[in-house]
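> Input: one structure, supplied below.
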Amino acid sequence: MAVAKTRIDPSPVATLRLSRLSKRDIGFREAVIYLDGIEVANLAYEDDLTLSLPPGQHAVYVHNRLRKSKTIKFFAERDEVIHIEVGNKGNWLFALMMVLIQIGPPTVFIRLLSHTRASIGVNSE
C-alpha cells in the first residue's frame, strides 16, 4: 500500500525588494530603511537591495535623519515579492534654500511598486 508523503518547507519566506532608483530622487542624503521598527539598511542613491522575510504582517518606513516617511503596512505571502521604492526629493523650501544658501532640507518618499494587499498609513510613533 502506498503512503502519501507531505513535504513541508521548513523555511517559507517572502522577498522584500527595496530600491532607490527613481528619477525624482535628488541623489544625495541617506535613506535609512526600517522594517518592523528595526533599522535594516541604509540605501545610497541607485542602490537596490533584496531581503528575505517571514510571511505575515510587516511595516516599512524610511528616514533620512531629518524627515520620516509614511509607513507602508503589508501582509507578505510565502514566495511573494514585494517591491518598495524609496528616496529623497526636494520641495519648494528645499529649492529656495538651495538658491539662497546652497543647502536645504530634502523630504523623503516611499512608494509601493508591487503588492496586492498593502495599506499606507501614518506611523504614530
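The values are calculated or read from the model by the stated rules, or taken from the named source; none is laboratory data. Since this is a predicted model, take the numbers as computed values, not measurements. Cβ atoms come from the backbone with ideal geometry, glycine included; neighbour counts cover every protein chain shown.
For (1) touching a strand residue (DSSP E or B) at 6+ places or on another chain (Cβ under 6 Å); (2) over 20 Å from Tyr34 (Cα atoms); (3) among the small types (Gly, Ala, Ser); (4) at pLDDT below 90, each residue gets a yes or a no:
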residue: Ile72; (1), (2), (3), (4): yes, no, no, no
residue: Arg78; (1), (2), (3), (4): no, yes, no, yes
residue: Glu85; (1), (2), (3), (4): yes, no, no, no
residue: Lys89; (1), (2), (3), (4): yes, no, no, yes
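> Restricting to region 15-72, count the residues that are surrounded by fewer than 17 Cβ atoms within 10 Å (Cβ to Cβ) and of a type in the set (Phe, Trp, Tyr).
The number of residues fulfilling the criteria is 2.
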